[in-house]
Amino acid sequence: MELSQKPKVTRFSTILIVTIVVASLFAGGLLGYFLGYSTISGKINDLQNQLSTLQGQVSNLQSTQNITYQNITYVLEENTSLSQLYEQVKESVVVIRGIIVQYDFFGRPYYTQVQGSGFVYNFTGQMVIITNYHVVYDTINITATFINGNGHAAVALGSDPYADIAVLSTDAPPSEYKPLEIVSSSTLKVGDPVIAVGNPYGLAGSMTTGIVSALGRTITEELTGGYPIANVIQTTTPLNPGNSGGPLLNYQGQVIGITTAIVSDSQGLGFAIPSNTILREIESLVTEGSYNQHPWLGATGTDMTYEIAKAMSTNVTYGWLIAQVTSGGPADNAGLRGGTKQALIAGEWVTIGGDIVIAINETRITNMDDLSTYLEEYTLPGQTINVTIVRNNQTMTLAVELGTRPPPSIP
């Protein structure tokens, strides 16, 4: 009987052990779950508390700084926004179009259209449109189209190729004219912010911004007959074909220049005729049809460099080196001398040996920009100026009576 009872005891013990093991595993798993849940729940609560804190800080910043993320207003000087400024000036800028007649080999005419920009100005009660000379040169059927789409016939009242300025009149009704104010460009400084409004590629009413990147530049255009346009404003404001003739504005919406030229393949390099030139010439252009008060020295030359100075055995590395004087011109009559020989300098042929202009009326002249700007801004034909030169390493001053620049030879 004892032998037959042993298997039952063993079987019962096995079941009991298995039950205890399973229960232990279940209890351990349950305990681990609760411990893990408790830890994760604590971390979630901590993150929620941090998020609430951050939301509170953002809310406080919004209330104290009055920040609006949906509608950002770019505020300029005197609390004027770019959008408000655009609304203020857009109706004053027009699209200028003209037709150029050309002839083929057989004498048959064909027509091309040119396009630029312009702006309205009130000249002593007479409404006129100011643009670039090169925009309307040699054109017929000139029109001016306002931002509202209304187009009107226009005619040229006067022009000056040496300043690249033209003044037009139109048959538009008085209600179309919204004139801009022109102020002096004398107060401009490098770094001043500027705005251009025009019609690049015919896209009417386009606005761009930038800064004055340089002052007192000179540029030469095809229609100036080789003479420089002086005292030009250099700007980073993006300009494109079609911008020519549009206004360059300060942040008060006042005209401080006329956008006139770009440098091909450059990155944000443009030029504008200064407003001082407009103010100086506008009366003559409107009443007489031209402006003939550009002073004339009667000489050509090049900027001095260290390499040129070395070739001439001089210590003067700045100034304007006279290459040639016009026979019978002001420089010739005053005794100024041109170059005497050609020298290959830095890969270019340069006429050397002439007088080096280093000052006019005791104002230092470092290059052609300085020379042209001084003559245009501060002198008139018939005026006598004192020109300081270096000749054969000797400094001397000669009196020169300026002439009137002759009409350009326009192709």
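A few notes on this one:
- Among the trypsin sites (Lys or Arg not before Pro) within the range 319-402, not one is in coil by DSSP while having at most 12 neighbouring Cβ atoms inside 10 Å.
- Using the Cβ-Cβ distance between Ala214 and Ser290 with R0 set to 35 Å, the FRET efficiency works out to roughly 0.75.
- Once the chain from Leu82 to Glu362 is taken as fully extended at 0.36 nm per residue, the excess over their C-alpha distance is 96.5 nm.
- Couplings 3J(HN,Hα) of the range 380-388, computed from phi: 9, x, x, 7, 9, 10, 9, 9, 8 Hz, in residue order, whole Hz [Karplus 6.51 cos²θ - 1.76 cosθ + 1.60, θ = phi - 60°; x for Gly and Pro].
- Shape of the range 132-235, Cα gyration tensor, a/c cut at 1.5: oblate
- Charge tally around Gln324: other residues with Cβ under 13 Å, Lys/Arg +1 each, Asp/Glu -1 each, net 0.
- Under 5 Å between amide hydrogens, built in the peptide plane, is the criterion, and for Phe123 it picks out Val128 among residues at least 5 positions away or on other chains.
- Gain on full stretching of the segment that runs from Arg108 to Glu377 - 0.36 nm per residue minus C-alpha separation: 92.3 nm
- Look at where the Cα atoms of the range 201-249 and of the range 329-351 average out, and the two centres are 31 Å apart.
Values quoted throughout were computed directly from the atomic coordinates according to the rules given, and no laboratory measurement underlies them. These figures come from a predicted structure and were not determined experimentally. Methodologically, a virtual Cβ is constructed for each residue, glycine included, from the backbone with ideal geometry; neighbour enumeration extends over all protein chains shown.
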